[in-house]
Amino acid sequence: MKPKNIPGVPKHIKGSFHDTESKKEVGNSHDLDLQFTILKKRFLSINQWRDYCKESKTDFRLCDSAGKYVERFPQLGDYIRIDIPGPGGTEGRSFDWVQITSIDLANPDVVIIQCRPSKDPVKENTRKIAHFYSHIATSTFIISKEKNGIKAGIYGRNEYPNLKSGFFNSVRNIMIAIGGMLGFSKIQWECLTKGLVDFK
């Protein structure tokens with residue numbers, strides 16, 4: 001299986017990838033506009049993502065450029081703090097971090113947010129990537145309004161374990177990355193995409 005060619009999603013070069021999509025059919029144009037407006041608000045409310053996927057214990061928190069928790073829609077340069085159940089690594093690190101590298105709102109029927117693994121913005125004087133994937137990986141989150149419904153998609157590319165974070169962290173990163181290659185991360189993302197479009 002090859003990765004889909006999706007506008008706005010980087011080319012896949014190495015490592016694992018996933019294309020995770022959930023769709024919801026909508027009957028008429030008026031309902032379609034309303035449903036997409038609701039989906040957009042849910043999508044941009046990153047701090048509520050866990051609420052849309054009750055089966056998952058992974059938690060997401062939107063933080064500003066200094067790593068401080070914020071309750072608002074995301075902005076370019078913000079960070080997302082990811083709390084994954086299980087061992088958090090050494091040196092007191094218990095979170096994985098990604099930075100929002102692009103937000104595309106040019107098309108009124110599509111919203112694209114792209115993230116890359118990043119350093120921990122709370123820790124000064126460090127450039128180490130605080131994530132189980134290396135800095136070449138990307139996660140592209142896309143919602144769209146289509147002819148007969150709405151869709152939420154998450155597209156992972158170049159997912160390669162971060163081996164530059166010390167021995168114990170690297171072991172942890174490899175184990176999580178292997179889980180991703182075996183499809184466990186896709187199950188988590190599928191829970192989120194389904195949850196995003198699952199509303200009345």
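Details
- Counting only protein heavy atoms and a 1.4 Å probe, segment 28-161 has 49 square angstrom of accessible area per residue.
- Each residue of segment 18-25 is assigned a 3J(HN,Hα), and the resulting list reads 8, 10, 10, 9, 9, 10, 9, 6 Hz, derived from the Karplus form 6.51 cos²θ - 1.76 cosθ + 1.60 (θ = phi - 60°), x at Gly and Pro.
- On segment 28-148, 52 percent of the accessible area sits on carbon and sulfur atoms, based on a 1.4 Å probe.
- Probe 1.4 Å, all protein chains present, accessible-area order of Lys200, Lys11, Lys68, largest first: Lys200, Lys11, Lys68
- Cα gyration tensor shape of segment 1-79, rounded if a/c is under 1.5, else prolate or oblate by comparing a/b with b/c: oblate
- Cross-link check: pairs Lys41/Lys119; Lys54/Lys194; Lys4/Lys41; Lys11/Lys128; Lys24/Lys194 evaluated at a Cα-Cα cut-off of 20 Å; pairs beyond the cut-off: Lys41/Lys119; Lys4/Lys41; Lys11/Lys128.
- For Asp51, solvent-accessible area (1.4 Å; no DNA, RNA or ligand), Å²: 80 Å²
- Heavy-atom accessible area order for Arg50, Arg127, largest first, 1.4 Å probe: Arg127, Arg50
- Solvent-accessible area of Thr126 with every protein chain in place, 1.4 Å probe, in Å² to the nearest 10: 40 Å²
The values are calculated or read from the model by the stated rules, or taken from the named source; none is laboratory data. In this text, all values refer to a predicted model and were calculated from it rather than measured experimentally. Areas reflect the complete protein model, heavy atoms only, side chains present, ligands, DNA and RNA absent. Shrake-Rupley method; radii C 1.70, N 1.55, O 1.52, S 1.80 Å.
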